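The next block holds one structure in the form of structure tokens; read it before the comments.
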Amino acid sequence: MKIGFDNEKYLKIQSEHIRERIAQFDGKLYLELGGKLFDDHHASRVLPGFKPDSKLRMLAQLRDQLEIVIVVSAEDIEKNKVRADLGITYDEDVLRLREEFMDRDFMVGSVVITHYNGQNAADQFRHRLERMGIKSYVHYLIDGYPHNVELIASDEGFGKNDYVETSRELVIITAPGPGSGKMAVCLSQLYNENKRGIRAGYAKFETFPVWNLPLKHPVNIAYEAATADLNDVNMIDPFHLEAYDKTAINYNRDIEIFPVLNALFEGIYGENPYKSPTDMGVNMVGFCISDDEVCCNASRDEIIRRYYAATNKMADGIDNEREVNKILMLFSQAKITTAYRRVTVAAQAKQELSGHTSSAMELEDGTIITAKSSPLLGCSAALLLNATKHLANIDHEAKLIPQSLIEPIQKTKIEYLGGRNPRLHTDEVLVALSVLSKDDEQCRQALSQLPKLRGCQVHSTVMLSEVDRKIFKKLGCGLTCDPVKKK
């Protein structure tokens, strides 16, 4: 699709800026890493050209200077908290993250178990780490954290925590998810480093909101839409405005906690090197936007995508009315409706015309392809066939998969597997095409078009099955669905 972000520039200036921040302190920087590291698809959607693994590629330029510490909360281990996107518990994700980092030749120094209060599950996990030869440390719950500064910045507060031994000048603090205690680990380390005569630094690496874009810029509005379930609110940083007479954008939680952080820095060092929460950040993404209009359009599309995701959850029975209403308010700020999304309009028009559930896809050149459900194919499966035929210059009326092949598959689905929907799903269509491609040139040509679907936008007038959603995700398509469940 159209590119609006200079990824190579980002890799260069972001790594340079982090090096500059390290030099501001005694050659030791604890960098709290927010957001997703391996697969930042939100960033790649709102900043076309940003690669989902850009943060990793940027850190790879600092590989010899950094080590990684993975943080996990004992409370999350005890509750068996699960990452919704991966379906695995946080303690298992610690091991997954460690392996992912090490496979890319990053040094993973240790694991820190935070919010520790003698939880049995945390002890068991720590024993497991020990058997695997992985260093681990515990950080304790501190009464009155984060507001009881006098206790926190004392030997009975941060001083009680294990000192995490590190050997490199840049220490990346990351975690399986939010609320793990990353910031507290950084601040605890600053306290304990200071006791050892080292004036270490702290910085925060979060991509959104983008501090040097306007408050109501679509990229920043899209971030609010992405965090509508958390009710995060973008705000002008009042501390930055007062200190520098310059407008910078941050979000409510960082702004609200800054007076506490300021007091903690003063408790540790006697002064705070930062005048605002924006000062603490190292994000350079706003300097790498090469085409603002492209990013604005992509962000508006993302706001709509988040709306459909929220309304789909509501249709599934989740009580998230506040999330939906928040995104509707953001529609007003962005001056859009769902009609801004071309494939939404096309799919709904196709359904009105045909009387059947329908879908639409916008190809790279802007061409809109539509499809409807039939007794043989679901609308999403039909859409894949129509799109690949168009891209391969195959006649639209050509039947790539003969009815004589579809009917036995339907019989198996209904009679032998107990299914209720005889129509073929997207995965079944792709398998059928693959089988036929051995002897059919048109099927081979259609399959070869699949990589061209990456980045294409798709809308369905009915909520698709998990199988269909996963196929579109693997193909790299941006999928939305009307909040209508299949009958």
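FYI, it's all coordinate maths here, none of it is from the lab. Values in this document were obtained by computation on a predicted structure and should not be read as measured data. Cβ atoms come from the backbone with ideal geometry, glycine included; neighbour counts cover every protein chain shown.
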TODO: Indicate, rounded to the nearest 5 percent, the antiparallel portion of the DSSP beta bridges found entirely in the chain.
DONE: 35
Task: Spin-label model distance (nm) - Met102 vs Val435, 7 Å beyond Cα toward Cβ - done: 4.2
Open item on the list: Below 8 Å, C-alpha to C-alpha, sequence gap of six or more: please give me the relative contact order for segment 324-414 in percent.
Closed with: 16
Task: Convex hull projection area averaged over all views, the chain, Cα basis, nm² - done: 25.7
- [ ] Work out from phi, with θ = phi - 60° and the Karplus expression 6.51 cos²θ - 1.76 cosθ + 1.60, the ³J(HN,Hα) of each residue of segment 62-71, listed in order in whole Hz, and give x for Gly and Pro.
- [x] 10, 3, 6, 9, 10, 9, 10, 10, 9, 10
Open item on the list: Quick check: pseudo-label points 7 Å beyond the Cα along Cα→Cβ at Asp365 and Asp245, how many nm apart are they?
Closed with: 5.5
TODO: Tell me the trypsin sites (Lys or Arg not before Pro) within segment 229-293 that lie in a loop according to DSSP and have at most 13 other beta-carbon atoms within 10 Å.
DONE: Lys246
Open item on the list: Loop by DSSP (not H, G, I, E, B), at most 16 other beta-carbon atoms within 10 Å: where is the longest site-free stretch of the chain for GluC sites (Glu not before Pro)?
Closed with: 1-155
Task: segment 160-301: relative contact order in percent, alpha carbon pairs under 8 Å with at least 6 residues between - done: 25
Task: Relative contact order [Cα under 8 Å, 6+ residues apart], segment 286-357, whole percent - done: 29
TODO: For segment 122-189, report the translational diffusion coefficient in µm²/s to the nearest whole number, using Stokes-Einstein at 20 °C, 1.002 mPa s, and a Kirkwood Rh over Cα pairs.
DONE: 159
- [ ] Estimate the FRET efficiency between Glu352 and Arg444 by the formula 1/(1 + (r/R0)^6), using the beta-carbon distance for r and 25 Å for R0, to the nearest 0.05.
- [x] 0.10
- [ ] Enumerate by residue number the trypsin sites (Lys or Arg not before Pro) in segment 153-239 meeting two conditions: DSSP loop (anything except H, G, I, E, B), and at most 10 other Cβ atoms within 10 Å of the site's Cβ.
- [x] Arg196
- [ ] May I ask for the distance between the Cα centers of segment 156-199 and segment 410-445, given as a whole number of Å?
- [x] 54
TODO: Return the distance in nm (one decimal) between the two label points of a simple spin-label model at Arg420 and Asn325, each offset 7 Å from Cα along Cα→Cβ.
DONE: 3.3
- [ ] Estimate the FRET efficiency between Glu92 and Asp316 by the formula 1/(1 + (r/R0)^6), using the beta-carbon distance for r and 25 Å for R0, to the nearest 0.05.
- [x] 0.50
Open item on the list: Taking 0.36 nm per residue of sequence separation and subtracting the Cα-Cα distance, how much length would be gained by fully extending the chain between Val467 and Arg342, in nm to one decimal?
Closed with: 42.6 nm
Task: Cut-off under 5 Å, modelled amide H: who pairs with Leu213 long-range - done: Ile249
TODO: Quick one: go through segment 216-244 and flag any residue whose amide nitrogen is under 18 Å from the point 7 Å out along the Cα-to-Cβ line of Glu256.
DONE: 224-239
Task: 222 nm mean residue ellipticity, helices alone, for the chain (DSSP H n ≥ 4; -39,500 (n - 2.57); rounded to 500) - done: -13500 deg cm²/dmol
Task: Semi-axis lengths (Å, descending) of the ellipsoid that matches the C-alpha gyration tensor of segment 1-44 - done: 26, 15, 6
Open item on the list: What FRET efficiency comes out for Arg199 versus His396 if R0 is 56 angstrom and r is the Cβ-Cβ distance? Round to the nearest 0.05.
Closed with: 0.20
Task: Potential extension, Lys12-Met235 segment - 0.36 nm per residue separation minus Cα distance - done: 77.4 nm
Task: Additional length obtainable on full extension of the chain from Glu20 to Gln61, 0.36 nm per residue less Cα span - done: 13.4 nm
